[in-house]
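Scroll down for the structure; my scribbles are underneath it.
A short reminder: the numbers here are calculations on the coordinates, not readings from a lab. Everything numeric here is computed off the predicted structure, so don't read it as measured data. Counting neighbours? That spans all protein chains shown, and the Cβs are built from the backbone with ideal geometry, glycine included.
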Amino acid sequence: MNTVNYTKVIVSELEQTLAKVSADELDQLVNAVLRAEKVFVAGAGRSGFMAKSFAMRLMHMGVQAFVVGETITPGIGKADLLIAGSGSGTTKSLIAMAEKAKSLEAICAAITINADSKLANICDITVQIPAKPKDSESTEYQSIQPMGSLFEQSLLLVYDAVILALMDKKELNGQTMYGQHANLE
């Protein structure tokens with residue numbers, strides 16, 4: 001298969017996967033972001049990169065958004081939201097973060113393949129992305145892509161869809177948001 005055909009298969013996999021994401025779950029996440037004083041995002045590995053891109057767009061919207069683990073990230077509190085992206089829902093560091101956030105009465109959201117995972121069970125909101133787990137060969141979800149690529153790509157698109165929904169609710173456009181773009185580049 002040539003490279004262009006691979007891109008077509010990837011896009012097809014994304015369409016099939018994202019068509020199965022619950023609109024109700026996404027609406028819960030959008031509403032939680034709207035209610036939160038501060039939004040904290042977390043993820044390990046490539047899921048963490050997707051979380052960082054989401055935090056950047058939230059910042060562009062004027063939302064107080066922070067990436068867990070960065071040196072300038074403040075403490076989480078009662079009126080805040082933690083969003084943790086984990087394909088497996090078993091990433092120990094994310095589970096510990098969610099437990100700590102819950103103990104401080106913050107709202108927690110998980111975006112995961114496994115809606116029955118420990119992370120999902122801790123969180124108040126779960127958005128399930130039905131993609132192939134990175135460490136599984138036999139699963140109901142199939143992908144030609146290696147490891148967790150389908151989940152990670154889907155995670156980025158889910159985050160971007162949440163941004164679009166928030167933009168709509170806040171009556172923002174890309175030009176307005178550009179005013180918050182970094183200018184020391």
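Name every residue in the stretch 107-132 that is closer than 13 Å to S88 by Cα, surrounded by fewer than 22 Cβ atoms within 10 Å (Cβ to Cβ) and aliphatic (A, V, I, L, M), in order of residue number.
Of everything in the stretch 107-132, just one residue is closer than 13 Å to S88 by Cα, surrounded by fewer than 22 Cβ atoms within 10 Å (Cβ to Cβ) and aliphatic (A, V, I, L, M), namely A115.
Looking at A98, A65, A79, which is the one that is surrounded by 15 or more Cβ atoms within 10 Å (Cβ to Cβ), within 19 Å of T126 (Cα to Cα) and touching a residue at least 24 places away in the same chain (Cβ under 8 Å)? Can you show your working first?
Details: A65 fails: within 19 Å of T126 (Cα to Cα); A79 fails: surrounded by 15 or more Cβ atoms within 10 Å (Cβ to Cβ).
Every option except A98 fails the conditions.
Of the conditions (1) without any contact (Cβ under 8 Å) to a residue 24 or more places away in the chain; (2) crowded, with 22+ Cβ neighbours inside 10 Å; (3) farther than 30 Å from Q175 by Cβ, A55 clears all except one; give me its number.
Here A55 clears every test but (3).
Looking at the structure I just gave you, is T17 more than 21 Å from D168 (Cα to Cα) and either buried (at least 16 other Cβ atoms within 10 Å of the Cβ) or in contact with a Cys (Cβ under 6 Å, 6 or more places away or on another chain) (or both)? Step through it out loud before you land on a result.
Working: more than 21 Å from D168 (Cα to Cα): yes; either buried (at least 16 other Cβ atoms within 10 Å of the Cβ) or in contact with a Cys (Cβ under 6 Å, 6 or more places away or on another chain) (or both): yes.
For T17, the condition - more than 21 Å from D168 (Cα to Cα) and either buried (at least 16 other Cβ atoms within 10 Å of the Cβ) or in contact with a Cys (Cβ under 6 Å, 6 or more places away or on another chain) (or both) - is met.
Residues in the stretch 7-44 that are of a type outside the set (A, V, I, L, M, F, W, C) and under 20 Å from A101 (Cβ atoms): how many? Working first, answer last.
Our first condition is that a residue be of a type outside the set (A, V, I, L, M, F, W, C); within the stretch 7-44, this holds for 7-8, 12-13, 15-17, 20, 22, 24-25, 27-28, 31, 35, 37-38, 43.
Then keep just the ones that are under 20 Å from A101 (Cβ atoms); that gives 25, 28, 31, 35, 37-38, 43.
Total satisfying the criteria: 7.
Considering each of L157, L104, L164 in turn, give the residue that is of a type outside the set (G, A, S), surrounded by fewer than 19 Cβ atoms within 10 Å (Cβ to Cβ) and farther than 29 Å from I10 by Cβ. First the steps, then the outcome.
On the way: L157 fails: farther than 29 Å from I10 by Cβ; L164 fails: farther than 29 Å from I10 by Cβ.
From the options L157, L104, L164, the qualifying one is L104.
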